[in-house]
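The values are calculated or read from the model by the stated rules, or taken from the named source; none is laboratory data. Since the model is a prediction, treat every value here as computed from it, not as a measurement. Virtual Cβ from ideal backbone geometry, glycine too; neighbours counted across all protein chains shown. With ligands, DNA and RNA removed, areas are computed over all heavy atoms of the protein, side chains included. Shrake-Rupley method; radii C 1.70, N 1.55, O 1.52, S 1.80 Å.
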Amino acid sequence: MLKTLKTTGTAMGLIFAAGAAFAAPNCGANTGEAATGTPIKVGGIHGNAAPGDFSSSTAAAEAYFDCVNANGGINGRPIEYLVENDQWNPELASQAASKLVVDEDVVALVGNGSFVEMSVNSGFYKDQNVMTMAAACAASECFESSNIVSTNQGPLPSSIGAAMYMVEEKGAQNVSCIALTIPNSGPWSCGAAVEYMESKGLSGTGVYLNPASPDVNSGLLEAIASGADTIIVNLPAGLGIAVLKAAEEQGLGDAYQWASSTPLYDRDVPAALGDYWDGKLFVSAEMTPWDKGGEDATNWLAVMDAYGEEKDPRDSFSQAGFLSAKIFVDTLLGMDPADLDDRAKVTDAITAISGYESDLVCGPFYVGEADRHMPNHAGTMVVVKDGGFETVRDCFEYDSPYFAPIFEQEVALGLR
């Protein structure tokens, strides 16, 4: 099941040196001819408002689709990618899904990333028999639904991975996990990290910030008051940086051990944090590190350089958005061209995905018919180092009872 990657020890930041040259992007049929046929409509929804911006997932999916459209499309047909922003608002999330699925009649959704929209729309997607190949899931419904599957892990596995590493490699005895109060995200994910700690005879607590007005200083004080020796920051990147800056101002960097779930695995984070956090912050990366130089990791950067915007983040959610789009395109290229506008047949084709390999994830991607989907449940730990990130533990499987039904599904599919 698990792929083990060789540790290079190379700091991620080095590959983003000014003027660095990347190979030409490789997309879809790679014909070099622009697609000109009738568009295939595909949707995407992200959240971009307080408390965070998850648009990097749809931005990367859009960049890949643009590259595909410039290289033959899907049997000569371009993908028309329609993206909506739910603004972390349940009503807007519902409206966005209805607009895309009912009004625009998209055949699938790809690259979704939000705290809100999966929770609101999971039942709607099932009723409409439409699959969502998400990339920045952050709520339990995203992983506990029949018609949503994501290339990213979500905060629960990522937080467990961070706790595991700090226990096994740094001797953590008492972990405090800081997240947002959103019930199916913060308490769901930090609660699983606490459960992991307790399963090892250790201690753990959850500290939850109000997403409408997050008080990072109060959150830090509560974490410290818990008696923790290790603090896990399980927040969107902007808020995570704010917590660490507040900790720096209080001189807490050396007084506690520090870890984070995947949002802080972003090429711009080390510079934003500064030298103070060098060697101190360990991050659980949901996707494999981009300095590994694998085919998909290299192609993701090439696609973002050629078809994305300079401002688009190069982070885990961007990697996941690229991979969701690539798997979707490869799936459509394997279908009968006559079926590409038939949502039911596209849904069947996505559901049939099994054993898809990519160097961007630690194990094969798959879907299958199930009430929950979490194919990405093993990760990598990195540390902020020398203006970038350095790998400290390669692909490792996470330890939690939560994954038991996932493993059963993998056995049934012959993947374990």
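Once phi is turned into θ = phi - 60°, what whole-Hz ³J(HN,Hα) does the Karplus curve with 6.51, -1.76 and 1.60 give for every residue of the range 260-276, x standing for Gly and Pro?
Each residue's phi maps through the Karplus curve to give 8, 6, 5, x, 7, 7, 9, 4, 8, 5, x, 5, 5, 7, x, 5, 4 Hz.
If you scale each eigenvalue of the Cα gyration tensor by 5 and take the root, what three semi-axes come out for the range 110-177, rounded to whole angstrom and sorted largest first? Walk me through the numbers on the way to the answer.
Numbers: eigenvalues 189, 21, 14 Å².
Those come to 31, 10, 8 Å.
Taking the Cα atoms of the range 20-72, what is the range of coordinates along each of the three principal axes, in descending order and whole Å?
Ordered largest first, the range 20-72 gives principal extents of 41, 36, 11 Å.
Select from T205, I241, A223 the residue farthest towards the positive end of the dipole of the range 155-285; place +1 on Cβ of Lys and Arg, -1 on Cβ of Asp and Glu, and compute about the Cα centre.
It is T205.
Using only Cα atoms and rounding to the nearest 10 degrees, what angle (0 to 90) does helix 237-249 make with the longest principal axis of the chain?
With both axes taken from Cα atoms, the answer is about 20 degrees.
Can you give the Rg to Rh ratio for the range 155-285, taking only C-alpha atoms and Rh from Kirkwood?
Working: Rg = 13.0 Å, Rh = 14.1 Å.
Rg/Rh: 0.92.
Roughly how tilted is helix 216-225, in degrees to the nearest 10 and between 0 and 90, from the longest Cα axis of the chain?
It works out to around 50 degrees.
Cβ neighbours within 10 Å, averaged per peptide: list 177-190, 333-346 in order, most packed at the top. Can you show the working numbers first?
Details: 177-190: 23.6, 333-346: 14.6.
Packing order, densest peptide first, comes out as 177-190, 333-346.
For a bin width of 5 Å, list the pair-distance distribution of the range 350-412 built from all Cα-Cα distances, rounded to whole %.
4, 15, 22, 21, 16, 10, 7, 4, 1
What number, rounded to the nearest 500 deg cm²/dmol, is the helix-based mean residue ellipticity at 222 nm of the chain, given -39500 (n - 2.57) per DSSP H run of at least four residues and division by all its residues?
After summing the helix terms and dividing by the residues of the chain, the value is -10500 deg cm²/dmol.
On the protein heavy atoms, probe 1.4 angstrom, tell me the percent of accessible surface of the range 155-285 carried by carbon and sulfur.
C and S atoms contribute 49 percent here.
Given H placed 1.01 Å from N in the peptide plane, which residues other than close sequence neighbours of R314 have an amide H under 5 Å from its amide H?
Answer set, sorted by chain and number: R267, D268.
Per residue, how much accessible area does the range 155-285 show when a 1.4 Å probe rolls over the protein heavy atoms, in square angstrom? Intermediate results must be reported in sequence, preceding the final value.
Details: 4350 Å² over 131 residues.
That works out to 33 Å² for each residue.
For the range 293-391, run through the GluC sites (Glu not before Pro) and keep only the ones in DSSP coil with at most 12 other Cβ atoms within 10 Å of their Cβ.
Sparse-neighbourhood loop GluC sites (Glu not before Pro): E309, E310, E357, E369.
Ordered by packing density, taken as the mean number of other Cβ atoms within 10 Å over each peptide's residues, highest first, how do 201-212, 312-323 rank? Walk me through the intermediate numbers first.
Working: 201-212: 18.5, 312-323: 29.3.
So the peptides 201-212, 312-323, ranked by packing, come out 312-323, 201-212.
Starting from the Kirkwood Rh over alpha-carbon pairs, what translational D in µm² s⁻¹ does the chain have by Stokes-Einstein at 37 °C and 0.692 mPa s?
Translational D for this selection: 155 µm²/s.
Given just the C-alpha atoms of the range 82-214, how large is their convex hull per residue in cubic angstrom?
Working: hull volume 13.5 nm³, N = 133.
Considering the Cα atoms of the range 82-214, their hull volume per residue is 101 Å³.
In degrees, nearest 10, range 0 to 90: what is the angle between the Cα axis of helix 295-307 and the longest Cα principal axis of the chain?
Tilt relative to the chain: about 70 degrees.
Three principal axis extents, largest first, for the C-alpha atoms of the range 259-369, in Å?
57, 30, 23
Which cross-chain or sequence-distant (5 or more) residues have an amide H under 5 Å from the amide H of E84, H modelled 1.01 Å from N in plane?
G44, I45, H46
Order these peptides, 324-331, 358-365, by their mean beta-carbon neighbour count within 10 angstrom, highest first.
Per-residue mean Cβ counts within 10 Å order the peptides as 324-331, 358-365.
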